[in-house]
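> I am attaching a structure below and will ask some questions about it afterwards.
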Amino acid sequence: MDRRPGGELGAGALAGIHEAGLAMDYEVFLVSGIREQWLREGDATGSIVKGTRHNARVVTAAATIMVVVFASFVPTDDAMIKPIAFALAVGVLVDAFAVRLTLVPAVLALLGRAAWWLPRRLDRILPELNIEGPQEDEPVRREDERLPEPVSV
């Protein structure tokens, strides 16, 4: 095995680091959508179905683009680029479709409500975070409170 910088060991490490970054990106996007549904509805199975259905399109599109980009480098004559491109294309393909869109929702479904369980003590300490920023409740308008009439000019 070539242990020089840029040798086989360097190519594998580069592919692995890049793949881990993409995997986290897909994971956060997918699970945050499922979590939003869980907070909205409180139904574990329904949240997984709706959250995955909504976010699977984006994860699929992003993964397909990445696979095509990486696979486009496979036919090159450069012996350094070819194995990295192939490893990244296959890695993204397997990770996005087999792991993120199949195994993660399946494990969440098996865990049910336990997937979102958090110890009370920890729940009190952790801040309430929302990907879309702080959510303010819309003010409830009374029936006797009317909107102003539009003015014709």
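> If a residue must be open to solvent by 80 Å² or more (accessible area, probe 1.4 Å) and closer than 30 Å to Met80 by Cβ, how many such residues does segment 10-45 contain?
4
> Modelled with pLDDT of 90 or more and under 14 Å from the mean Cα position of the chain (by Cα): is that true of Ile65 in this structure? Before you say what the answer is, go through the steps one by one.
On the way: modelled with pLDDT of 90 or more: yes; under 14 Å from the mean Cα position of the chain (by Cα): no.
Answer is no for this residue.
> Which of the residues that make up segment 48-77 are small (Gly, Ala, Ser) and part of a helix (DSSP H, G or I)?
Residues of segment 48-77 that are small (Gly, Ala, Ser), as a first pass: 51, 56, 61-63, 71-72.
Answer for segment 48-77, where residues must be small (Gly, Ala, Ser) and part of a helix (DSSP H, G or I): Gly51, Ala56, Ala61, Ala62, Ala63, Ala71.
> Between residues in segment 83-103 that are more than 17 Å from Met24 (Cβ to Cβ) and in contact (Cβ under 8 Å) with a residue 24 or more places away in the chain and residues that are open to solvent by 50 Å² or more (accessible area, probe 1.4 Å) and outside any helix (DSSP H, G or I), which pairs lie under 9 Å by C-beta distance while being six or more apart or on different chains?
Listed by first residue and then by second, the contacts come to Ile84/Phe73.
> For segment 78-122, name all the residues that are aromatic (Phe, Trp, Tyr), farther than 20 Å from Gly16 by Cα and either in a helix (DSSP H, G or I) or open to solvent by less than 50 Å² (accessible area, probe 1.4 Å) (or both).
Within segment 78-122, just Trp116 meets the criteria.
> Additional query: Just need a number here: residues in segment 29-49 that are more than 14 Å from the chain's Cα centre (by Cα) and over 14 Å from Ala115 (Cα atoms).
Here the count works out to 3.
The values are calculated or read from the model by the stated rules, or taken from the named source; none is laboratory data. What you are looking at is a predicted structure, and each value in this text was computed from that prediction instead of being measured. Please note: Cβ atoms are built from the backbone with ideal geometry, for glycine as well, and neighbour counts cover all protein chains shown. Side chains included, ligands, DNA and RNA excluded: accessible areas come from the protein's heavy atoms. Shrake-Rupley method; radii C 1.70, N 1.55, O 1.52, S 1.80 Å.
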